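Heads up: the structure comes next, in structure tokens.
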Amino acid sequence: MARPTLIAPSILSSDFSRLGEEIGLIDKAGADWIHLDVMDGHFVPNLTFGPPIIKAVRGASDKYFDAHLMVTNPDALLDDYVAAGCQGITVHIEATTHLDRTLASIREKGCKAGVSLNPHTAPDQLQYVLDKLNLILVMSVNPGFGGQSFLTSQLDKIRTIKEMVGDRDIDIQVDGGVTADNAAEIIAAGANVLVAGSAVFKGGAAHYEANIKALRG
Ligand code: DX5
Ligand code: ZN
């Protein structure tokens with residue numbers, strides 16, 4: 001059975017001076033998940049926010065808080081992300097040494113565990129951790145910044161992962177350069193969770209609902 005498509009707006013493109021309010025607005029506009037891009041200025045050349053900010057905005061929405069950790073040594077603060085109210089935690093395969101242990105640890109804390117792959121990373125290394133995974137995130141841009149163009153090379157990877165996953169209960173998420181123009185193609189390749197920053201927040205709050213609808217196709 002086809003999994004329903006979920007839209008996860010990335011708050012990276014929101015107005016950070018009104019972060020809580022922006023989360024409330026995308027919630028009302030129809031967001032399924034709230035995508036939180038955590039950057040450490042080390043794994044990626046940009047810095048955003050961490051557990052204290054996530055905790056501060058947790059009350060703005062009841063939706064699923066989906067944390068995408070673009071950080072080296074993600075294990076160090078896992079407890080803090082859980083305590084801040086994250087329900088899903090995704091780590092980068094390139095930033096972990098003991099992925100099997102990290103995934104088990106996320107799930108032991110009661111969270112869904114995800115693994116993200118940079119555009120150059122092949123999915124074969126996921127083969128022996130599929131039983132510990134709730135989500136695979138295909139980065140369709142090099143992580144660090146919003147507003148980049150979708151790398152079409154990743155469509156093939158999505159198809160390969162879809163085949164690898166088979167009928168396991170694993171979400172396939174795509175992040176970076178997702179727009180209303182390429183969403184259908186990304187879903188057809190096998191993705192069921194679309195992250196979008198620019199495409200959701202463009203035009204301001206009056207457009208959020210239409211922008212989210214356009215991504216569903
Ligand atoms: C990039 C982030 C993405 C980004 C998506 O490192 O992980 O979530 O904000 O932004 P757009 O949709 O503008 O490419
Ligand atoms: Zn992201």
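Output the residues belonging to segment 1-41 that are aliphatic (A, V, I, L, M), more than 16 Å from the chain's Cα centre (by Cα) and open to solvent by 40 Å² or more (accessible area, probe 1.4 Å).
1, 2, 25
Quick check, is residue 131 open to solvent by 20 Å² or more (accessible area, probe 1.4 Å), more than 14 Å from ligand 1 (Cβ to nearest atom) and under 17 Å from residue 33 (Cβ atoms)?
Spelling it out, it is not the case that residue 131 is open to solvent by 20 Å² or more (accessible area, probe 1.4 Å), more than 14 Å from ligand 1 (Cβ to nearest atom) and under 17 Å from residue 33 (Cβ atoms).
Give the residue, chosen from 141, 115, that is aliphatic (A, V, I, L, M), within 16 Å of ligand 1 (Cβ to nearest atom) and touching a Pro at 6+ places or on another chain (Cβ under 8 Å).
141
Name the residues in segment 74-93 that are of a type outside the set (A, V, I, L, M) and either loosely packed, with under 15 Cβ neighbours inside 10 Å or closer than 20 Å to residue 195 by Cα (or both), would you?
Correct list: 79, 80, 81, 85, 86, 87, 88, 90, 92.
For a quick check of your reading of the model, give me the residue pairs whose first member lies in segment 140-156 and is over 22 Å from residue 192 (Cβ atoms) and open to solvent by 70 Å² or more (accessible area, probe 1.4 Å), whose second is among the polar types (S, T, N, Q) and more than 8 Å from ligand 1 (Cβ to nearest atom), with beta-carbon atoms closer than 7 Å and at least 6 apart or on different chains.
142/118
Let me confirm something: among 190, 176, which residue is at positive phi, in contact with a Pro (Cβ under 8 Å, 6 or more places away or on another chain) and either in contact (Cβ under 8 Å) with a residue 24 or more places away in the chain or exposed (fewer than 14 other Cβ atoms within 10 Å of the Cβ) (or both)?
On inspection, the qualifying residue turns out to be 176.
Of everything in segment 107-128, what is of a type outside the set (D, E, K, R) and either assigned to a loop (DSSP other than H, G, I, E, B) or open to solvent by 30 Å² or more (accessible area, probe 1.4 Å) (or both)? Give them in sequence order.
Within segment 107-128, 110, 111, 118, 119, 120, 121, 122, 125, 127, 128 meet the criteria.
Within segment 146-168, which residues are among the charged types (D, E, K, R) and farther than 25 Å from residue 38 by Cβ?
Residues satisfying the conditions are 156, 159, 162, 163, 167, 168.
For residue 158, which of the numbered conditions (1) under 21 Å from residue 11 (Cα atoms); (2) more than 15 Å from ligand 1 (Cβ to nearest atom) fails to hold?
(1)
Taking segment 42-92 as the search range and keeping residues that are of a type in the set (Phe, Trp, Tyr) and outside any loop (DSSP other than H, G, I, E, B), which one is farthest from the chain's Cα centre (by Cα)?
Checking each candidate, the answer is 81.
Residues in segment 138-157: is at least one within 16 Å of ligand 2 (Cβ to nearest atom) and in a strand (DSSP E or B)?
Among the residues of segment 138-157, at least one is within 16 Å of ligand 2 (Cβ to nearest atom) and in a strand (DSSP E or B), which makes the answer yes.
Taking segment 48-70, which residues are within 12 Å of ligand 1 (Cβ to nearest atom), free of Cβ contacts under 8 Å to residues at least 60 places away in the same chain and aliphatic (A, V, I, L, M)?
Across segment 48-70, the qualifying residues are 67, 69.
The values are calculated or read from the model by the stated rules, or taken from the named source; none is laboratory data. Keep in mind that what you see is a predicted model, and the values were worked out from it rather than measured. Note: ideal-geometry Cβ built from the backbone for every residue, glycine included; neighbour counts use all protein chains shown. Side chains included, ligands, DNA and RNA excluded: accessible areas come from the protein's heavy atoms. Shrake-Rupley method; radii C 1.70, N 1.55, O 1.52, S 1.80 Å.
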